[in-house]
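Notes follow the structure.
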Amino acid sequence: MLNRWFALLHDIAWIPIALLAAYWIRFNLTTIPEYYWQGVFRLLIPALVIQTICYWYFGLYRGIWRFASIPDVLQITKAVVVGTGITLLSVFIIYRLEAVPRSILVLYPLFLFLGLSAPRLVYRWIKDKHLYLSQSKGKRVLLVGAGQAGEMLVRDMRRKDEYLPIGFLDDSSQKIGRDIHGVRVLDGIANIENVLKAYEIELVIVCIRNIDVTKMRNILKSCNNKNIQCQTIPSLTEANDDNVDISRLRDVSIEDLLGRETIKLDDSAIQDLIKGECVLVTGAGGSIGAELCRQTLAHQPRKLVLLENSEFNLYSITNNLNSMNENNIEVLPLLCSVRDMNAVEKVFNDHKPGIVLHAAAYKHVPIIEDNIIEGVKTNIFGTKKIAEIAAKHKVEKFVMVSTDKAVNPTSMMGVTKRSAEIFCQMLDANSTTQFITTRFGNVVDSAGSVVPLFREQINNGGPVTVTHKDITRYFMSIPEAVSLILQAASIGQGGEIFVLDMGKPIKIYDLARQMIRLSGNDPEQDIKIEIIGLRPGEKLYEELFHETEDYTGTKHPKILLAESRKADWDKFSLQLDDLADACAKNDVELIITLLKVIIPEYQANQAFATDAIMKTETYPVVH
């Protein structure tokens, strides 16, 4: 409070100082003639009252001199202009500005503005300079990215003794050699190793949101080579606003290294598909299903129906959606299995969905190998039942979420999903509903995937288990996969298999090494990597297309269209009837035999890779 009163007295004192300085300058730094002194007093008395009121009205004392900035200068400008204007107007009305030279109308507000703003900015400069000098023992920091985020971070570091910003790296040639808050832009990002060595850097902070992954890998590799800590700011999908400060920094995660360039979506097409519709999501509580619900809700459906057979998963996603449901869209959580035909029929009768997003499935390869009948019942016949009901109710679009494991399947999970793909394609040709299939690989951090498994094993001290040193997998983030599913749904006309561009596959062994390094440990020395051998049904290399599936591009660069393979509807229907009978008899051997007939390329319990896939280039991973 004392500081605010001191600031007010300081600003009031500048009113007579500015006025006398204006007159003094007007008369060439000589004595002010006696006649003009009456003009000084005529201006001074109303100015003291009016200007003080303007100071308070425009909030000059809500700010802190230590952090004076452009917004404070703008408030001072408003207070000076308005206060001077009202003062001069009142003196004009009463005295017709007698004994007030015209130059005073310009000089007085100018000196008053300088008197109010200069001490504030000088005070901040002195404090910043003092802090900069006091920081000489702080952690030496190199910031990558001299944009808005980097500027905010440097400003925040100036207030903390534990950080000493040494310089920036930025690929803009116009920025190199220039200063931001006294911190020099030293070089381009490609020269990071030289800068780390020359300036004895102790911490690297990446200040670029959604940085190109190749650059991120190179930065981390350089930091690993020098044993230097690397941190980053939250990505656009993590942050709720554009603010950046030290408290929001986090260590680089494996997701930062597996991601790709930001995908540009045709949001208007997705909005046209979903807005005002009743959308039904099956498997709504799973990794993909939950994100489908979140992104669908953002596009304002009339109603969102959640179908889920796990009570806890349904509870979790319902709470999540309720917390983000700003438009009060009706969200209906329904505990139901897609295998229960009567229950599903009632859902369609009651809510009449226009769009069905079918994500319900058993997906874990080893589990389904040990539970073949349940896998067939859910992945094939669960899909068959809900697809037939959707066609019966003339749903506009039915989107099935498939997997790269459906291509040349070696697992029960893959062959059941391929069978479901075929059924949806054939049903599309025999109904008014548009059946669309989307196929993609692994999603980072989905339930049961390799990333959370490795993270848990590392936290437990190892070993990290890898099935084969050469095994590779495709990866994309959950939000990315779901956004492309919705984009494919918006452009699909029925009968298509859309394949999401997964980029290049990644070696799981290299992924394990990188995750160990990110945890601050050394692979093989601190935490061992154990090769345990391929599990039943597991492939060495995954594929996105069958060798007979020619593929073409679509209007979206990240979505490819696989040419459909023709099948005989009557023959396929009879084969499914035989498969259903085998399930009813719990005859696992017959089920496997029938699936080999239905999907001839199915090779049970074999690690399988085509020559083309074995030659596929993998992503480089930092070692």
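The values are calculated or read from the model by the stated rules, or taken from the named source; none is laboratory data. Keep in mind the model is a prediction, meaning the values are calculated, not measured. Every residue, glycine as well, gets a Cβ built from its backbone with ideal geometry; the counts of neighbours run over all protein chains shown.
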Candidates Asn191, Asn224, Asn210 - the one that is without any contact (Cβ under 8 Å) to a residue 24 or more places away in the chain, surrounded by fewer than 19 Cβ atoms within 10 Å (Cβ to Cβ) and not small (Gly, Ala, Ser): Asn191
Qualifying residue in segment 332-342 (condition: in contact with a Phe, Trp or Tyr (Cβ under 7 Å, 6 or more places away or on another chain) and either assigned by TED's automatic domain parsing to the domain that holds Val376 or without any contact (Cβ under 8 Å) to a residue 12 or more places away in the chain (or both)): yes
Number of the condition not met by Arg4 [criteria: (1) closer than 25 Å to Arg120 by Cα; (2) surrounded by 15 or more Cβ atoms within 10 Å (Cβ to Cβ)]: (2)
In segment 452-484, the residues that are out of contact with any Phe, Trp or Tyr (no Cβ under 8 Å at 6 or more places or on another chain) and of a type in the set (A, V, I, L, M): Leu453, Ile458, Ile478, Val482
Any pair with Cβ under 9 angstrom, 6 or more apart, that starts in segment 44-63 at a residue that is part of a loop (DSSP other than H, G, I, E, B) and ends at one that is modelled with pLDDT under 85 and among the acidic types (Asp, Glu): Leu60/Asp72; Gly63/Asp72
Qualifying residue in segment 282-294 (condition: in a strand (DSSP E or B) and assigned by TED's automatic domain parsing to the domain that holds Lys392): yes
Test: residue in segment 455-466 that is in contact (Cβ under 8 Å) with a residue 60 or more places away in the chain, part of a helix (DSSP H, G or I) and in contact with an Asp or Glu (Cβ under 6 Å, 6 or more places away or on another chain): no
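Could you tell me how many of the residues in segment 479-498 are in contact with a Ser or Thr (Cβ under 8 Å, 6 or more places away or on another chain) and buried (at least 20 other Cβ atoms within 10 Å of the Cβ)? I'd like the intermediate steps shown before the answer.
Residues of segment 479-498 that are in contact with a Ser or Thr (Cβ under 8 Å, 6 or more places away or on another chain), as a first pass: 479, 484-486, 488-489, 491, 494-498.
Keeping just the survivors that are buried (at least 20 other Cβ atoms within 10 Å of the Cβ) gives 484-486, 488-489, 496-498.
So the count comes out to 8.
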Residues that are outside any helix (DSSP H, G or I) and either in contact with a Pro (Cβ under 9 Å, 6 or more places away or on another chain) or at positive phi (or both), drawn from segment 339-353: Lys352
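Looking at Gly448, Gly441 in this structure, which one is touching a Leu at 6+ places or on another chain (Cβ under 8 Å), modelled with pLDDT under 85 and within 14 Å of Ile478 (Cα to Cα)?
Details: Gly448 fails: touching a Leu at 6+ places or on another chain (Cβ under 8 Å).
Matching residue, one of Gly448, Gly441: Gly441.
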Enumerated helices (runs of 4 or more DSSP H) restricted to segment 506-623, each holding at least 2 residues that are over 32 Å from the mean Cα position of the chain (by Cα) and either farther than 30 Å from Glu388 by Cβ or at pLDDT 75 or above (or both): 569-584, 588-598, 611-614
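Name the residues in segment 350-360 that are over 22 Å from Gly492 (Cα atoms) and either surrounded by 21 or more Cβ atoms within 10 Å (Cβ to Cβ) or in contact (Cβ under 8 Å) with a residue 12 or more places away in the chain (or both), would you? Break it down stepwise before answering.
Our first condition is that a residue be over 22 Å from Gly492 (Cα atoms); within segment 350-360, this holds for 350-351.
Within segment 350-360, His351 is the sole residue that qualifies.
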Pair list, Cβ under 7 Å, 6 or more apart: segment 514-531 residue over 20 Å from Asn218 (Cβ atoms), other residue polar (S, T, N, Q) and at pLDDT below 80: Ile527/Asn521
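Do the conditions hold for Asn328, that is, is it loosely packed, with under 15 Cβ neighbours inside 10 Å and either in a helix (DSSP H, G or I) or in contact with a helix residue (DSSP H, G or I) (Cβ under 6 Å, 6 or more places away or on another chain) (or both)?
On the way: loosely packed, with under 15 Cβ neighbours inside 10 Å: yes; either in a helix (DSSP H, G or I) or in contact with a helix residue (DSSP H, G or I) (Cβ under 6 Å, 6 or more places away or on another chain) (or both): no.
Here the answer is no, as Asn328 does not meet what is asked.
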